[in-house]
């Protein structure tokens, strides 16, 4: 398989490097100029110069969605597996195998693992690597950047991929947008966006209200988000940004089903989850400030600081839990550019990151109505601190060759303390790691590049994984699991990016594609058992795959886009002590088995036809799906493959009522063929009465309709 993938890649690069004559490239430069990313290298740079796999989702690609979960937009990105667990914002994100365990029981609901997610460049990911989606409404995003390459050398812990959602809209004059969305299963959503120009600055605000009755029993929820941003030019060389976001988010958890329940009636909730009314109720806010200052042409400095208080409530595994937390942090980054000659320059980027979260958790009994009961079972402190320092140097030669080298040091420390059982005392555990990175990019022309990168990755166990499960109540010594070690990885990646413009009179106006080939060696892969109630580590895991994304603009306003990911993920060293299964001293050896939770194949293929003369009336069809995959390390439980068809008709341009008023609308039918499928699954699940409980059913056929009013 390795030889086949490599030959495919070389053939792709060799043929396309000679696809079009040089004159055609000149018209294409502007085609890509504005498509830059601010996350992969921590400064703005053209995607063709970056030795990373990058996907940018522009406003056009974010249209026609209900905006409840990120799966709606990430499903079209190659290499990214995004699965909605109950039709709301609770999704499972996997990028090249990172994040695969982020589903199941034990605090995994509503959070992801191993993937760094940011809102306006400010971390949503907590110091321990967990991320919740309370503040994120993709329908209000102005752009989403996805870095599919491991970025630990720049971002540290849990950066197997990086997703940055920009909420600040792009505008030059005041505007107001009102949007209403109605859909199947009681979906009701209202949003308001507004922006104005204030002297040398811009002020923007958005409000989002989403309510969902749910399609399964015990799957209803609601979410309210307020987002305010300001960007101001203080001087010719200085820009200040202020961002405030707050959310109130409640969602019920229907839980997984066994195969017989799934086959009989997928709308049912798990009986235990339903009886306990398992749910999340999160209220949180964040205030952040950013500052960018150019000392001179060659020296720039930027800084960011944020504070993020949280009040979280959960009904989980027979207890009612109150969390009071504060998450705060910031960074400072310095950029130095040296011009050695007209053709050779060097950019050095160095910085410090700090993130700290702490707070109390109160564990109560459940009341008869599944609220907070009268018995306080535990009162515990849970904290995490993540300090990181990084340095990267980039050498650019003749606008054709870019060479980067750098590394990052991280120190992550956990704190845990029980105020109910003081004999346990304050317990700490620290993880230290240095992760290097090197990369090379060669540009065949202004519109095509080939790149290679080699680098390390680190992901420490998340907070709930360092807190021992106490499966049989025998652990009375540890508040922090002494057995789990950080996941460490080494990534080898080879890729190409290409833009072709043939002219408006050609059958094919333009073609954009990217191909990435990767091989990842992982040590100490953390594996959930009993649906995430406790964790083992696999000694060594092998991941390799190929990703490709394509956009084809044809004459007569027809756009075709697609993505395809094929990978092989295997355990190379993995022996499991099966004491938890009633056989003390026995071992199960899963060497050469497939990694649980990752399909070999998933894809997305779409076509959009737009009639520009009719206010951009467009018709869009998308087919997406994935192959079957195992959910247990023994490779005995399998989730079947599936294919989903979505159809949308809408207006990309507003129908003008007057010079200042316009109306847009869209209608989407999701899962047009009413496919019955499992949208997500628990990894190494519980067995109840001899039946594994692991399937989370996907939404059946459903409709979303939207009408929006724009005032400018």
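Cα convex hull, segment 350-462: 150 Å³ per residue, rounded to a whole number.
Only Cα sites of segment 242-351 enter the Debye sum here, all with the same form factor; the resulting log10 I(q)/I(0) across q = 0.24 1/Å is -1.18, listed in q order.
Sequence-distant contacts, meaning Cα pairs under 8 Å at least 6 residues apart, place the relative contact order of segment 484-532 at 47 percent.
Given segment 665-712, what whole percent of its Cα pairs are spread farther than 19 Å? Summing the P(r) of segment 665-712 above 19 Å gives 53 percent of all pairs. A crude spin-label estimate for the pair residue 285 and residue 492, with each label 7 Å from Cα along the Cβ direction, gives 5.2 nm. Size descriptors for segment 486-551, from the alpha-carbon set: Rg then Dmax equal 19.7, 61 Å.
With respect to the chain, whose longest principal axis is taken over its alpha-carbon atoms, helix 2-16 is tilted by about 20°.
When Rg and the Kirkwood Rh are both derived from Cα coordinates, the Rg/Rh ratio for segment 82-141 amounts to 0.93.
The alpha carbons of segment 2-711 occupy a box of 72, 57, 54 Å along the principal axes, longest dimension given first. Taking each DSSP H run with n ≥ 4 as -39500 (n - 2.57) and averaging over every residue of the chain yields -1500 deg cm²/dmol at 222 nm. Annotation: segment 144-198 has a Kirkwood hydrodynamic radius of 14.8 angstrom, from the mean reciprocal C-alpha pair distance. Here the Kirkwood formula, the inverse mean of 1/r across different C-alpha pairs, assigns segment 101-180 a hydrodynamic radius of 14.0 Å. Short-range pairs are left out: with C-alpha atoms under 8 Å and at least six residues apart, the relative contact order of segment 561-712 is 17 percent. Cβ crowding within 10 Å ranks 350, 396 as 350, 396, fewest other Cβ atoms first.
The order of the peptides 637-648, 132-143, 416-427, 444-455 by mean Cβ neighbours within 10 Å, most packed first, is 132-143, 444-455, 637-648, 416-427. Normalised by the number of residues in segment 2-711, the average gap of Cα pairs under 8 Å and 6 or more apart makes the relative contact order 12 percent. Ordered by the count of other Cβ atoms within 10 Å of each Cβ, fewest first, 498, 293, 660 give 660, 293, 498. Separation of segment 499-529 and segment 210-237, taken as the distance between their Cα centroids, equals 30 angstrom.
Taken together, the values in this text are just the output of simple stated rules run on the coordinates, not laboratory data. Computed from a prediction, not measured in an experiment: that's the story for all the values here. With ideal geometry, Cβ positions are generated from the backbone for all residues, glycine too; neighbour counts draw on all protein chains shown.
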